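The structure appears below as structure tokens.
The values are calculated or read from the model by the stated rules, or taken from the named source; none is laboratory data. A quick note: this is a predicted structure, and the numbers were derived from the prediction, not measured. Quick reminder, even Gly has a Cβ in these numbers, built from the backbone with ideal geometry, and neighbours come from all protein chains shown.
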Amino acid sequence: MDDTDANRVRLEPWGEDDLWLLRLHNSPEMTARLGGPESEDQLAARHRRYLGLEAGRMYRVVLADGGGTVGAVGFWERAWRGGTVWEAGWAVSPAFQGRGLAVRAARAVAAEARTAGGHRYLHAFPKVEHAASNAVCRRAGFTLLGPVDFEYPKGHPITSNDWRADLED
């Protein structure tokens, strides 16, 4: 992974003016494994959820050298196997993919979840066939627990991998 200043990232809390990033990522290419593009109403509802998270937080991923926004990352609570865990998700804009930025963002959000406390584990659930997202999990230090069945979006069954990071390590 290239550790030049141009490839370092920082996280900036999701703000009122960040709906544009959801719109940018709402392409067939970016949403192919997430159920496809959302309507403007669905995007607005997602934006409100991001702003109103009571547990966890969403962030814009910004190049640390003063560059622009390259994606989004966050963590939130999920009921999982009889308990509650943190779940993480991320997206890097196509123009910035392939530079290790998602790995850096995933590591940074794991650090934020560790600081937030409350749960020992942070999980990520990329589709089994999504090689790039599974590689991000592996390179960011998550441990593969195996495949699990999900519905995402609701009513659409998928098989995802359950990746877990121990926040107490």
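Remarks
- Subset of the range 102-112 [surrounded by fewer than 24 Cβ atoms within 10 Å (Cβ to Cβ) and either among the small types (Gly, Ala, Ser) or more than 16 Å from ASP169 (Cβ to Cβ) (or both)]: VAL103, ALA108, ALA110, ALA111
- For the range 8-20, the count of residues that are in contact with a Lys or Arg (Cβ under 8 Å, 6 or more places away or on another chain), assigned to a strand (DSSP E or B), modelled with pLDDT of 95 or more and within 15 Å of VAL103 (Cα to Cα) is at least one.
- Set ALA110, ALA124, ALA102: member being farther than 17 Å from GLY56 by Cβ and at pLDDT 95 or above: ALA102
- In summary, MET30 fulfils each of the numbered conditions (1) at pLDDT below 90; (2) of a type outside the set (Ser, Thr, Tyr); (3) exposed (fewer than 14 other Cβ atoms within 10 Å of the Cβ); (4) assigned to a helix (DSSP H, G or I) with the single exception of condition (3).
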